[in-house]
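Okay, structure first, notes after.
Read the figures in this text as sums done on the coordinates, not as results from a lab. Keep in mind it's a predicted model, so treat the numbers as computed, not measured. Note that we place each Cβ from the backbone using ideal geometry, even for glycine, and neighbour counts take in every protein chain shown.
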Amino acid sequence: MRDRLLFLLSKYGIRPKDTIGQHFIIVEDVIRKAVETADVNEKDVVLEIGPGLGFLTNELAKRAKKVYAIELDRKMIQILKNEYKWNNVEIIEGDAIKLEWPEFNKVVSNIPYQISSPFTFKLLKKDFELAVVMYQLEFALRMTARPGSKNYSRLSLMTQALADVEIVMKIGRGAFYPRPKVDSALVVIRPRKDKVELNENLVKALFQHRRKTVSRALKDSIHMLGITKDKLKEIKHIIESVPYSSKRVFQLVPNDVKEIEEYLRNHGIIS
Ligand code: SAH
């Protein structure tokens, strides 16, 4: 694979662009693991973000009914069109964050790491069966961190409110060309049946102070809920009897935040 990649790069005279996350996967086992974890089969419509030189796309095309591949780099698209004779792959040119996505039931992607956050939040708003995605290891650890643990953050809570997430395997930097400065991980995302839709503003306000208690964090971030500091005196007693008031923010599970949200709404603090 490495040979094939170097061949294509020289044939088309291109240099991978770090600015748009061009690090191509060159280990067949990693590609196989991704495709097998997603259990891609002839019923699936798969969305891939950033097909690059098409190594993963090609495996998806062999197994899926249909593959949509969104690619930003026009040069990559020319190469894909020139090198492969797929009849079930539709390449869409553009920015995967800005574009409207077609309908799909699975996602399998080695995404450019710059778009990890907006990609994940966009994905979690959709209705789908499963996603298998390569992320930077640190990001994957934050996404999958359990409540109360060191890496548990706004990302963990927001993700786990909507999906079950799990690291399937770690991937060393040697599995990519050019070699990135960070390690990676393969993550599987399965939307929950009992999604907890959270007020994003409230979650942001709380996680400004992830090590503080809930009532302290709310007081310190009250401006983020549209309340001025001088009005805080009037509502202090409400904030102090909020559910989980003495729990630390980084120990909250999605349902705790939902209860806090409902309490604040019932007391007219948020709408
Ligand atoms: N999946 C391929 C390539 C991964 S590199 C492989 O594993 O080998 C990431 C790819 O995403 C590059 O081809 C890059 O051009 C593309 N890309 C970067 N930003 C993008 C964006 N905003 N929307 C769609 N594709 C993007």
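Miscellaneous remarks
- Taken residue by residue, segment 204-212 has at least one member that is more than 19 Å from the chain's Cα centre (by Cα), in a helix (DSSP H, G or I) and farther than 26 Å from Ile25 by Cα.
- The one condition from (1) surrounded by 19 or more Cβ atoms within 10 Å (Cβ to Cβ); (2) touching a residue at least 40 places away in the same chain (Cβ under 8 Å); (3) under 27 Å from Val203 (Cα atoms) that Thr159 does not meet is (2).
- Scanning segment 81-119 for residues that are assigned to a loop (DSSP other than H, G, I, E, B), within 9 Å of the ligand (Cβ to nearest atom), more than 18 Å from Val188 (Cβ to Cβ) and touching a helix residue (DSSP H, G or I) at 6+ places or on another chain (Cβ under 8 Å) yields Ala96, Ile97, Pro112.
- In segment 64-77, the residues that are under 13 Å from Asp95 (Cα atoms) and free of Cβ contacts under 8 Å to residues at least 24 places away in the same chain reach residues that are within 9 Å of the ligand (Cβ to nearest atom) and among the polar types (S, T, N, Q) with C-beta atoms within less than 8 angstrom, at least six apart or across chains, in these pairs: Ala69/Thr57.
Conditions tested, residue by residue: (1) near the ligand (Cβ under 8 Å from one of its atoms); (2) in contact with a Gly (Cβ under 9 Å, 6 or more places away or on another chain); (3) charged (D, E, K, R).
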position: Tyr12; (1), (2), (3): no, no, no
position: Val27; (1), (2), (3): no, yes, no
position: Lys33; (1), (2), (3): no, no, yes
position: Val45; (1), (2), (3): no, no, no
position: Pro51; (1), (2), (3): yes, no, no
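- Listed conditions (1) closer than 20 Å to Leu130 by Cα; (2) among the polar types (S, T, N, Q); (3) outside any loop (DSSP other than H, G, I, E, B); (4) more than 10 Å from the ligand (Cβ to nearest atom) are all met by Asn41, apart from (3).
- Scanning segment 213-271 for residues that are of a type outside the set (A, V, I, L, M), in a helix (DSSP H, G or I) and without any contact (Cβ under 8 Å) to a residue 24 or more places away in the chain yields a count of 17.
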